[in-house]
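Report on one structure; see the data block that follows.
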Amino acid sequence: MGKLKMKRPIAKGEHVTWQDSYSTGIKVIDDQHKELLNFVNEIFNHVSGDEEEERLWFNDAIQLAIQYVKEHFATEEKYMRVTKFPGYAEHKQSHHKFTLTILKTVKEFEAGNRLVLKKFAYFLKDWVLSHVAVMDRQYSDYFRKIATRKADGKLTITPQDIKR
């Protein structure tokens, strides 16, 4: 999955900073989380107060972001399914509710409703951080319990770990 490519931001600033405490220990998922946080920062950087400018940016960016989130959720859910993570159903439901909220926002935007980009940015920031820090921590802890430690000290999930 490629990086989210956005147009040059209107204002520089980072509103969400990656912290090691967000790490799941799975590189592909951590890299995806970092990209999602970058997208949240991009949204904040495009809050200009100019409604037309914000609408144009949102129109270009949101479809790419929706596809990216779908791919990210599919990646997480695949890992949870193959490892038989006991919280899979609840986690999948959380992903589903989030997706519905985003789709509702997009439909309202496409129907001509006023987009409050700043409010949307705060919603995404809060959701992504709480989801990564709480829900993703659950499967991260589970993966660490079932993983095998390789000779170099890194954890890996092998077919034998999944059969346990």
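Considering each residue of the stretch 97-122, count those that are surrounded by fewer than 14 Cβ atoms within 10 Å (Cβ to Cβ), of a type in the set (S, T, N, Q) and assigned to a helix (DSSP H, G or I), and give that number.
1
Of the residues that make up the stretch 79-86, is at least one aromatic (Phe, Trp, Tyr), at pLDDT 90 or above and outside any helix (DSSP H, G or I)?
yes
The values are calculated or read from the model by the stated rules, or taken from the named source; none is laboratory data. All of these numbers come straight from a predicted model, not from anything done at the bench. Cβ: placed from backbone, ideal geometry, glycine included. Neighbour counts: every protein chain shown.
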